[in-house]
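Laboratory data are not the source of any read-out in this text; all were calculated from the coordinates shown. Predicted model, so just to flag it, every value in this text is computed and none were measured.
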Amino acid sequence: MMHFTPQTPIALPGMVNAHSHAFQRLLRGRVQRRLPHRTDSFWTWRETMYALANQLDPSALEASARLTYAECLEAGYTAVGEFHYLHHPVGTDDDGLAAAEAMIRGARQTGIRLCLLAAAYERGGFGEALTERQGCFDTKSPEALLSLVDKLLAIVAREGEGRIAIGLAIHSVRAVPPAQMSLLAAGARARGLPIHVHASEQPKEVQDCLAATGHRPIGLLAEAGVLGPDCSVVHATWYDDADLDRLEESGSGVIICPSTEGDLGDGFPRLAAMHARGIRLSIGSDSHAVIDPFAELRQLETNGRVASGSRCVLADSDGELRGPLEAIGSRHGRRALGLPETGHGDGLVLRAEARFFAEVPDGDRALAALLGGHAGLVDRVEVGGELLVEGGRHLHL
Ligand SMILES: [Zn+2]
């Protein structure tokens, strides 16, 4: 029997949570029950989420961001893409600036790197007006959203704080008509901003889009000129080969959120097909039912195995799994948020003395953690060279 002795520290690049709705962290544990004689689904979950969104004021929004991002840092995430669409929390009647500033304040209190993606949200569904409960998301027009984006860019430029960046999001093909999507994408590109959009998360969304427009969601995004190397499609769970062609040819990235997609019963993406085409994948914790990059990477790979009946689905051409998993957890996410792919002094160190690593060969410990580890293995986390987490706890919060 070998004796386990801790060796050199196990360092990883900072993980990137490329898709977050921080306020949804407040739903954790509260949405895991089904009413008798009722089928619970994404669509019933959404009603509960709307009820929460209509209760929060800017200070509650700021507190949710602080809580979520502190937990992200403790789990090893050093950057987060906040897909921000709760523009009008309780007590505000403005252009969305108060809510966006609340999110930025929450992030600054934790020290995480934030890309705040201001999300356009104009209608309730294909040919449907916003409902009363969706009023808190309303961005009215592309011009109004781009005006908010310009104000945020001016704030970030004026304050010169290197950890806050701005991007643009299109909530979904349900919530924004095609002509407006084109204007928004052009506006983002004129400003050099990353573009994110939810698409093809649910079969019903694909069916409704086909019925209303004659296109599937990813086809509609292609028609509207949204796809491109600066565009990240969030979820992309339900696609056909033509959708894959469009993602591949346009150079778009895909952000998969395995724990949330599992929580909501969205489905499995055909991971092996995406990976074989070289589509750039990254991860997000989305609704924050789980905040743990190791859990996301594991669920991504193991779902791919279950769906394909094979092993090591995300491996590179040499059969190695570490490089692709590390890229999906870190480098590709940075790219999705418009950050330089490496550097910045963002990184983490795992607890080499943890029993998890006993009997694992030195050269395999990082891969073992990426595939089978958990957030409890994180010891230290640095952002921009600043130590923020030690012993798995945020130093200030
Ligand atoms: Zn989302």
Residue by residue, what Karplus-based ³J(HN,Hα) values in Hz, rounded to whole numbers, does the stretch 81-94 have, using 6.51, -1.76 and 1.60 with θ = phi - 60° and x for Gly and Pro? x, 8, 7, 9, 10, 8, 7, 10, x, 3, x, 10, 9, 10
So for the stretch 63-103, using the alpha carbon gyration tensor with a ≥ b ≥ c as root eigenvalues (a/c under 1.5 gives rounded; past that, a/b versus b/c decides prolate or oblate), I'd call it prolate
Alpha carbon Rg of the chain, scaled by the compact-globule rule 2.2 N^0.38 Å: 0.95
Out of all DSSP beta bridges in the chain, what portion is antiparallel? Express it as a percent rounded to 5. 30
So, in Å, what gap is there between the alpha-carbon centers of the stretch 79-120 and the stretch 232-263? 25
Debye sum, Cα scatterers, the stretch 54-181, no solvent: what log₁₀ I/I(0) at q = 0.13, 0.15, 0.19 1/Å? -0.52, -0.69, -1.05
